[in-house]
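Visitor: I'd like to ask some things about the structure below.
The values are calculated or read from the model by the stated rules, or taken from the named source; none is laboratory data. Computed from a predicted model, the values in this text were never measured in an experiment. Note that each Cβ is placed from the backbone with ideal geometry, even for glycine, and that neighbours are counted across all protein chains shown. Ligands, DNA and RNA are stripped out before the accessible areas are found, and what is left, the full protein with its side chains, is counted by its heavy atoms. Shrake-Rupley method; radii C 1.70, N 1.55, O 1.52, S 1.80 Å.
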Amino acid sequence: MELKDVISMDLTELEKEVVLLGEKSYRAAQIYRWIHEKLCDGFDEMTNISESFRERCKETFSFPVLKAVERLESAIDGTCKFLFELSDKNVIESVLMKYHHGNSVCISSQAGCRMGCRFCASTLNGLTRNLAPSEMLEQVYRIQKISGQRVSNIVVMGTGEPLDNYDNLVKFIRMISSENGLNISQRNITVSTCGIPENISRLAEEGLGINLALSLHAPNDTDREVLMPVARQYKLKDVLSAMDKYYQKTKRRLTFEYSLVAGVNDSAAQAEQLAKLVFGKNCLVNLIPVNDVKERGFFRPNTEKIQKFKNILEKNRIHVTIRREMGADINAACGQLRKSYADKRKQQEVSQA
Ligand code: SAH
């Protein structure tokens with residue numbers, strides 16, 4: 001019989017399970033606290049639960065903690081990158097960034113990704129599978145335990161398209177912000193999406209107060225299609241009206257991410273068009289100088305060009321920031337470490353065969 005993933009269960013689900021096992025339902029709250037507040041490693045640590053019930057639990061539930069297989073720390077800014085192994089041996093990556101206002105963790109939502117953005121390393125081998133709620137939670141739990149530092153912010157900007165793993169994402173957000181868990185404020189959680197209109201609209205109706213960031217990367221459909229194959233399927237008009245709906249429902253300021261690629265989306269005309277596109281919205285445009293992808297001929301524009309792009313937006317009264325680069329010395333950008341680890345492992349397998 002397949003064991004049920006206990007870390008992915010919310011409190012209501014866990015109560016049902018506990019009662020099915022013939023125990024009082026308050027035991028569920030005790031177990032839940034051990035997992036989601038005290039971040040324990042297994043049932044044996046649950047000292048206020050009888051040994052016999054702990055044994056029953058071990059026969060009924062799996063306890064899929066993540067295993068850190070690699071950890072890199074930046075000598076420049078203390079950013080830490082973690083490579084975690086899942087119970088089926090897939091690997092995912094997460095990043096801990098230390099800011100003055102607190103510690104932020106960037107988590108993955110899928111192993112791989114099927115969106116195919118041309119400049120993104122996460123998508124090169126396609127989608128392997130969705131991550132379970134437990135696997136998203138565990139990235140934060142392990143990092144908090146390993147580093148000994150409290151995590152106050154979460155960005156879902158690692159590998160994967162979070163809105164392509166919708167139900168697990170929403171469950172993860174409810175659990176991590178629950179007062180029975182780490183109680184991380186929803187205002188401190190940001191989800192980044194390539195723009196799937198129907199799921200953005202759905203998210204608007206969930207009653208969550210999280211921040212939403214759209215990977216815009218171009219001011220019109222034609223230019224966007226060059227960088228993002230999903231742009232062929234979802235037109236900007238529909239994506240942006242879903243974003244407007246998200247703002248109306250949540251009143252959370254929108255973020256538009258714009259990865260600048262030399263000669264592709266960094267012209268003055270494109271900056272003007274971008275300004276027009278977002279004018280009047282309560283939003284921030286976050287410019288990300290692209291991490292070079294030599295194989296595809298994508299390079300970041302020079303500093304002068306980036307500044308010029310920013311100035312045009314500012315002249316049009318758009319709030320704009322240039323993303324500060326974190327962990328430049330440890331391959332901290334999306335998917336790079338996971339890919340090099342997977343390539344290395346494949347090579348080892350070939351040489352052992
Ligand atoms: N799938 C989600 C979240 C993952 S990527 C999304 O599309 O938003 C997080 C951000 O990093 C996205 O804006 C993505 O487009 C950007 N990104 C990916 N690879 C990059 C690279 N090589 N250089 C700069 N930004 C990159």
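Visitor: Of all residues being of a type outside the set (Ser, Thr, Tyr) and under 27 Å from the mean Cα position of the chain (by Cα) in segment 7-25, which is most open to solvent (accessible area, probe 1.4 Å)? Just the residue, please.
Guide: So, considering only residues that are of a type outside the set (Ser, Thr, Tyr) and under 27 Å from the mean Cα position of the chain (by Cα), the one most open to solvent (accessible area, probe 1.4 Å) is Glu13.
Visitor: Conditions: (1) assigned to a loop (DSSP other than H, G, I, E, B); (2) away from the ligand (no atom under 12 Å from the Cβ); (3) closer than 26 Å to Arg317 by Cβ. Ile184 meets all but one. Number of the miss?
Guide: In the conditions (1) assigned to a loop (DSSP other than H, G, I, E, B); (2) away from the ligand (no atom under 12 Å from the Cβ); (3) closer than 26 Å to Arg317 by Cβ, Ile184 misses (3) alone.
Visitor: Okay, next question. I need the full set of residues from segment 129-156 which are modelled with pLDDT of 95 or more, within 17 Å of Cys106 (Cβ to Cβ), of a type in the set (S, T, N, Q) and not in a helix (DSSP H, G or I), in order please.
Guide: Ser152, Asn153
Visitor: Ser108: part of a helix (DSSP H, G or I) and within 13 Å of the ligand (Cβ to nearest atom), yes or no?
Guide: Numbers: part of a helix (DSSP H, G or I): no; within 13 Å of the ligand (Cβ to nearest atom): yes.
The answer is no for Ser108.
Visitor: Something else: Restricting attention to segment 154-168, which residues are more than 11 Å from the ligand (Cβ to nearest atom) and within 19 Å of Leu214 (Cβ to Cβ)?
Guide: Residues satisfying the conditions are Ile154, Tyr166.
Visitor: When you go through Thr12, Thr47 one by one, which is the residue that is assigned to a helix (DSSP H, G or I), of a type in the set (Val, Ile, Thr) and free of Cβ contacts under 8 Å to residues at least 40 places away in the same chain?
Guide: On inspection, the qualifying residue turns out to be Thr12.
Visitor: When you check Lys245 against the structure, is it in contact with an Asp or Glu (Cβ under 7 Å, 6 or more places away or on another chain), at pLDDT 95 or above and assigned to a helix (DSSP H, G or I), yes or no?
Guide: The answer is no for Lys245.
Visitor: Exactly one condition in (1) touching a Pro at 6+ places or on another chain (Cβ under 7 Å); (2) assigned to a helix (DSSP H, G or I); (3) open to solvent by less than 10 Å² (accessible area, probe 1.4 Å) is not met by Gln273; state its number.
Guide: Exception for Gln273: condition (3).
Visitor: Could I ask something else about it? Tell me yes or no: at least one residue of segment 121-128 is outside any loop (DSSP other than H, G, I, E, B), touching a helix residue (DSSP H, G or I) at 6+ places or on another chain (Cβ under 8 Å) and either surrounded by 24 or more Cβ atoms within 10 Å (Cβ to Cβ) or at pLDDT below 95 (or both).
Guide: Within segment 121-128, one or more residues are outside any loop (DSSP other than H, G, I, E, B), touching a helix residue (DSSP H, G or I) at 6+ places or on another chain (Cβ under 8 Å) and either surrounded by 24 or more Cβ atoms within 10 Å (Cβ to Cβ) or at pLDDT below 95 (or both).
Visitor: Could you please let me know if Thr128 is within 20 Å of Lys67 (Cα to Cα), within 16 Å of the ligand (Cβ to nearest atom), in the same structural domain as Ile330 (by TED's automatic domain parsing) and over 12 Å from the mean Cα position of the chain (by Cα)?
Guide: Working: within 20 Å of Lys67 (Cα to Cα): yes; within 16 Å of the ligand (Cβ to nearest atom): yes; in the same structural domain as Ile330 (by TED's automatic domain parsing): yes; over 12 Å from the mean Cα position of the chain (by Cα): yes.
Yes.
Visitor: Test Glu73 against the criterion of being at negative phi and at pLDDT 95 or above, and give yes or no. Let's see the steps before the verdict.
Guide: Details: at negative phi: yes; at pLDDT 95 or above: no.
In short, no.
Visitor: Give Glu59, Glu55, Glu93 a once-over and let me know the one that is at pLDDT 95 or above, among the charged types (D, E, K, R) and in a strand (DSSP E or B).
Guide: Selected residue: Glu93, the only one of Glu59, Glu55, Glu93 that is at pLDDT 95 or above, among the charged types (D, E, K, R) and in a strand (DSSP E or B).
Visitor: Then there is this: Ala28 is checked against (1) without any contact (Cβ under 8 Å) to a residue 24 or more places away in the chain; (2) open to solvent by 50 Å² or more (accessible area, probe 1.4 Å); (3) over 24 Å from the mean Cα position of the chain (by Cα) and fails just one. What number does that condition carry?
Guide: Status for Ala28: all satisfied but (2).
Visitor: Working carefully through the options Ser177, Ser134, find the one that is surrounded by fewer than 23 Cβ atoms within 10 Å (Cβ to Cβ), more than 16 Å from the ligand (Cβ to nearest atom) and either closer than 28 Å to Gly263 by Cβ or hydroxyl-bearing (Ser, Thr, Tyr) (or both).
Guide: Checking each option against the conditions leaves just Ser177.
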